[in-house]
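The values are calculated or read from the model by the stated rules, or taken from the named source; none is laboratory data. As the structure is a prediction and not an experimental result, all values here were calculated from the model. Cβ: placed from backbone, ideal geometry, glycine included. Neighbour counts: every protein chain shown. Each accessible area value is taken on the protein alone, full model and side chains, heavy atoms only, with ligands, DNA and RNA left out. Shrake-Rupley method; radii C 1.70, N 1.55, O 1.52, S 1.80 Å.
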Amino acid sequence: MSELMSVAEELDAADALAAVRERFVLDDVTYLDGNSLGALPAHVPDRVADVVRRQWGELRIRSWDESGWWTAPERIGDRIAPLVGAAPGQIVVGDSTSVNVFKAVVAAVRMAGEDGPGRDEILVDASTFPTDGYVAESAARLTGCAVRAVTPAEVPAALGERTAAVLLNHADYRTGRLHDLPGLTAAVHAAGAYAVWDLCHSAGALPVGLDEHGVDLAVGCTYKYLNGGPGSPAFLYVRRDLQDRFDSPLPGWNSHAEPFGMRPGYAPASGAVRGRVGTPDILSMLALEASLDVWDGVSVEAVRAKSLALTDFFLRCVGEYVPDGRVASMTPDAHAERASQVALRCDDAGDVMRRLIGRGVVGDFRAPDVLRFGFTPLYVGFADVERAARLLAEVLAEGPAPAV
Ligand SMILES: Cc1ncc(COP(=O)(O)O)c(C=O)c1O
């Protein structure tokens, strides 16, 4: 056994979260793609079968009340709340992240407009996941604003009297860089603007502290580190003291103060419910609700500690196994700047990842040259990490695939 294998064994033996892996359906594959699609919690299929067979099949329409379907968006929001540092009553689950980005950015610009004239600029993270940029651009056109793309580091200098809203990613989807949510939120507030955070790559991976840091609005997906399943609904956080001012650009009947009043005019409900639009996607939503049970007895702080240990160990193993210069890490070394993934750049990344997957180590490839490895502390262990780095080194040692 190599030295790194023994280190992995010791780290796994001391890992307080090791037993949580049993709560998931996993096999011999080393799965480092939970930052794209989280693994399936083992109890979810039976729970979903019950929703389909009994709640839908037998209770039918009664389930809107009797099985709690109607209140699921807020109820599940409250389950997610402690994982992102929010008190109850501020998160609603539903729609995709893209749709929630739209609601949040337009609502933020509308609030800025109420505060006073002249705020006609939206700052957007220049390295953002594309959907946020597309949606912000459209939101800007609808609200008479202009979008300015800046890196998160440039945000403080770019803020000014014209800034209405700032849309930022807590963690960069490509590099795994963690941005300074407390500091940037404070800077946005000092400029009189509103901060909208995309938490897709941090929710369930590390503490976010939404309430503590006074974040205005936030969105995130639930199919990565929250393991809700493919296309599971996203969430929207609206800070409690802003809820009465949250003017949704998508005012559906589900966020009406009296949804069954069937009134021709819209009157918003109070509370996080204002973020709802239409009929919730119950099957997917209740699969998510079931999947959140894996967090019973697990703190997000413990997850963060293990996440950093996993990424540290991966970087160490890559450093020892992979020949110098073959890959370059894009992920910051500093813990304060690292989320729960490691991104390695190499020219033939697409081909390398294809061959690595062929050997049973699943990460992903982001064009044009990035190998992405996500570390979900709930089910990834240190032996997985060592194996992934060792097989990656083997694949890299084979050299680039011959041109055809
Ligand atoms: C950072 C980030 N924002 C937004 C999205 C898009 O989410 P959705 O497909 O739920 O709209 C993703 C998807 O991976 C993402 O990583």
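Quick look at the values:
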| item | result |
| --- | --- |
| Subset tally (residues that are within 14 Å of the ligand (Cβ to nearest atom) and in contact (Cβ under 8 Å) with a residue 12 or more places away in the chain) for segment 101-133 | 14 |
| Hits in segment 140-157 - residues which are surrounded by 17 or more Cβ atoms within 10 Å (Cβ to Cβ), part of a helix (DSSP H, G or I) and more than 14 Å from the ligand (Cβ to nearest atom) | ALA140, THR143, VAL155 |
| Within segment 218-233, tally of residues that are small (Gly, Ala, Ser), away from the ligand (no atom under 11 Å from the Cβ) and at negative phi | 1 |
| Residue that is most open to solvent (accessible area, probe 1.4 Å) [pool: residues in segment 2-37 that are touching a helix residue (DSSP H, G or I) at 6+ places or on another chain (Cβ under 9 Å) and over 16 Å from GLY381 (Cβ atoms)] | GLU3 |
| Within segment 235-263, considering residues that are buried (at least 24 other Cβ atoms within 10 Å of the Cβ) and within 16 Å of the ligand (Cβ to nearest atom), the one nearest to VAL48 (Cα to Cα) | PHE235 |
| Residue within segment 226-244 that is without any contact (Cβ under 8 Å) to a residue 12 or more places away in the chain and among the basic types (Lys, Arg) present | no |
| Members of segment 277-286 found to be in a helix (DSSP H, G or I) and touching a helix residue (DSSP H, G or I) at 6+ places or on another chain (Cβ under 8 Å), listed by number | ILE282, LEU283, MET285, LEU286 |
| Subset tally (residues that are of a type in the set (Lys, Arg), open to solvent by 20 Å² or more (accessible area, probe 1.4 Å) and under 28 Å from LEU17 (Cβ atoms)) for segment 355-404 | 4 |
| Tally, over segment 78-94, of residues that are within 16 Å of the ligand (Cβ to nearest atom) and either surrounded by fewer than 24 Cβ atoms within 10 Å (Cβ to Cβ) or at negative phi (or both) | 5 |
| Hits in segment 264-273 (condition: open to solvent by 30 Å² or more (accessible area, probe 1.4 Å) and either of a type in the set (Ser, Thr, Tyr) or under 22 Å from the mean Cα position of the chain (by Cα) (or both)) | TYR266, SER270, VAL273 |
| Complete set of residues in segment 310-341 that are touching a residue at least 40 places away in the same chain (Cβ under 8 Å) and within 20 Å of the chain's Cα centre (by Cα) | LEU310, THR311, MET330, THR331, PRO332, ALA336, GLU337, ARG338, ALA339, SER340, GLN341 |
| Where CYS200 falls short, out of the listed (1) more than 16 Å from the ligand (Cβ to nearest atom); (2) open to solvent by 10 Å² or more (accessible area, probe 1.4 Å); (3) more than 20 Å from ASP333 (Cα to Cα); (4) not hydroxyl-bearing (Ser, Thr, Tyr) | (1) |
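Results for (1) small (Gly, Ala, Ser); (2) out of contact with any strand residue (DSSP E or B) (no Cβ under 9 Å at 6 or more places or on another chain), shown as yes or no for each residue.
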residue	(1), (2)
THR331	no, no
ARG338	no, no
CYS346	no, no
VAL352	no, no
ARG355	no, yes
PHE365	no, no
PRO368	no, yes
GLY374	yes, no
TYR379	no, no
